[in-house]
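Structure first, then comments.
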Amino acid sequence: ISSRVNVSNPALKFLERKMDLPSGRSFMQVLCEKYSPENFPYRRGPGMGVHVPATPQGSPMKDRLNLPSVLVLNSCGITCAGDEREIAAFCAHVSELDLSDNKLEDWHEVSKIVSNVPQLEFLNLSSNPLSLSVLERTCAGSFSGVRKLVLNNSKASWETVHTILQELPDLEELFLCLNDYETVSCSSTCCHSLKLLHITDNNLQDWTEIRKLGVMFPSLDTLVLANNHLNAIEEPDDSLARLFPNLRSISLHKSGLQSWEDIDKLNSFPKLEEVRLLGIPLLQPYTTEERRKLVVARLPSVSKLNGSVVTDGEREDSERFFIRYYVDVPQEEVPFRYHELITKYGKLEPLAEVDLRPQSSAKVEVHFNDQVEEMSIRLDQTVAELKKQLKTLVQLPTSNMLLYYFDHEAPFGPEEMKYSSRALHSFGIRDGDKIIVESKTK
């Protein structure tokens, strides 16, 4: 720079500062654009209140941003933080920050943002190429107040995850989906604060890897393993209880489980209440009714299956169904649960098959004068058609015929069958009933 240039010029200082930033759009640049009054007018409601903090002297954004406490800046091409003083001035009240699907590849830039958002509890960094840099403990320390962290599709290494766990003492929820994990690397220290772990859509096939999650997260309440290819739960029952002593909910949706023994293993989790088991190979051969009832009967402590509450009535129906389902199976193939339920309900006979289709014909008595004739009549025909059928028997033309229906069990008298187009089944005619024929000219 020439000596004739005034180095105290504010514009020059701004340019120098801009030259120090990585190429791309900064967090502050995107923040200014999205939350300017023109793009983000005043709104009311939780998390949407306008916040106009005092800004640094000479800030070009002074008194211009309407910032809610929940900032959504996904898919904005952000590569760097920008001016940290301005972040601190404008984001002091922010509690949730969504930076997913940006171009952040340097943990130092993430740290610059987060360290200036002191109230931050939720942070979404999904689909940022952060695997290109190493997360140092000094950077991770700036995340210390975060309680919910989303790293889906970030390809974050287990080394990075361990660093985060060491520096986030209050972390309660962690999302590690779509990260191509085939193994789990166990941390040297346990994270007792974590209650919920989403680790779906990876490739964790062996139980030896899943059990490490129980070692690392002993307070885990909810474990979502959907869309992994876990092929079996290979663990002694007493060991399962020690590994996941607080697990209340587990999702094994679209896992590779193929054995009823794996379903029975779920009873070893002492606090388990909710299970998701849709789309597993084991259940494919069964009908929809069989799938649910057989699973409900095997899991007596589970109160919610595949998102639906299991009522007391449904449980009893399922357990009775289970007994009848296995009643004719050879003893060596009968599951242990069958014997438990026999003790509870006794041995149940198969349900009688009841044909609920409407009766198609009936044997009735036809009374005419002093004659009684038993005959079978079709119930799908009309009164007019019945008259034609009786014409030869009673020797009367149909136009001179009166018909009455008498139900042998009803307390009422005969009912005149006066509408020629009425179908016989609508009278409720059954075997043993009477049809009385009289002549109009009698």
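The values are calculated or read from the model by the stated rules, or taken from the named source; none is laboratory data. Please read all numbers here as calculations on a predicted model, not as lab measurements. Using ideal geometry, Cβ is built from the backbone for each residue, glycine included, and neighbour counts are taken over all protein chains shown. These area figures cover heavy atoms from the full protein model, side chains too; ligands, DNA and RNA do not enter into them. Shrake-Rupley method; radii C 1.70, N 1.55, O 1.52, S 1.80 Å.
The single condition among (1) crowded, with 20+ Cβ neighbours inside 10 Å; (2) in contact with a Phe, Trp or Tyr (Cβ under 9 Å, 6 or more places away or on another chain); (3) closer than 18 Å to Gly346 by Cα that Val329 does not satisfy is (1). Select from region 413-423 the residues that are open to solvent by 30 Å² or more (accessible area, probe 1.4 Å) and touching a strand residue (DSSP E or B) at 6+ places or on another chain (Cβ under 6 Å) and write down the one among them that is farthest from Lys363 (Cα to Cα). Checked region 413-423; the qualifying residue farthest from Lys363 (Cα to Cα) is Ser421. Please indicate, with yes or no, whether at least one residue in region 83-91 is in a strand (DSSP E or B) and either under 29 Å from Pro129 (Cα atoms) or modelled with pLDDT of 50 or more (or both). Within region 83-91, not a single residue is in a strand (DSSP E or B) and either under 29 Å from Pro129 (Cα atoms) or modelled with pLDDT of 50 or more (or both).
For region 265-281, the set of residues classified as open to solvent by less than 20 Å² (accessible area, probe 1.4 Å) and either within 17 Å of the chain's Cα centre (by Cα) or within 13 Å of Leu252 (Cα to Cα) (or both) consists of Leu266, Leu272, Val275, Leu277, Ile280, listed by residue number.
Checked against the criteria, Ser376 does not count as under 13 Å from His425 (Cα atoms), under 57 Å from the mean Cα position of the chain (by Cα), loosely packed, with under 13 Cβ neighbours inside 10 Å and of a type in the set (Gly, Ala, Ser). Of all residues in region 92-101, those satisfying the criterion of being in a loop (DSSP other than H, G, I, E, B) and either open to solvent by less than 10 Å² (accessible area, probe 1.4 Å) or free of Cβ contacts under 8 Å to residues at least 24 places away in the same chain (or both) are Val94, Leu99. For region 424-442, the set of residues classified as in contact with a helix residue (DSSP H, G or I) (Cβ under 8 Å, 6 or more places away or on another chain) and surrounded by 11 or more Cβ atoms within 10 Å (Cβ to Cβ) consists of Leu424, Ile435, Val437, Ser439, listed by residue number.
Number of residues in region 334-360 that are at pLDDT 90 or above, open to solvent by 100 Å² or more (accessible area, probe 1.4 Å) and of a type outside the set (Ser, Thr, Tyr) equals 2. Here Ala410 fulfils each of the conditions (1) modelled with pLDDT of 90 or more; (2) surrounded by 12 or more Cβ atoms within 10 Å (Cβ to Cβ) apart from (1).
Entry remark, region 242-264: residues being part of a helix (DSSP H, G or I) and either in contact with a Gly (Cβ under 9 Å, 6 or more places away or on another chain) or buried (at least 22 other Cβ atoms within 10 Å of the Cβ) (or both) number 3 in total.
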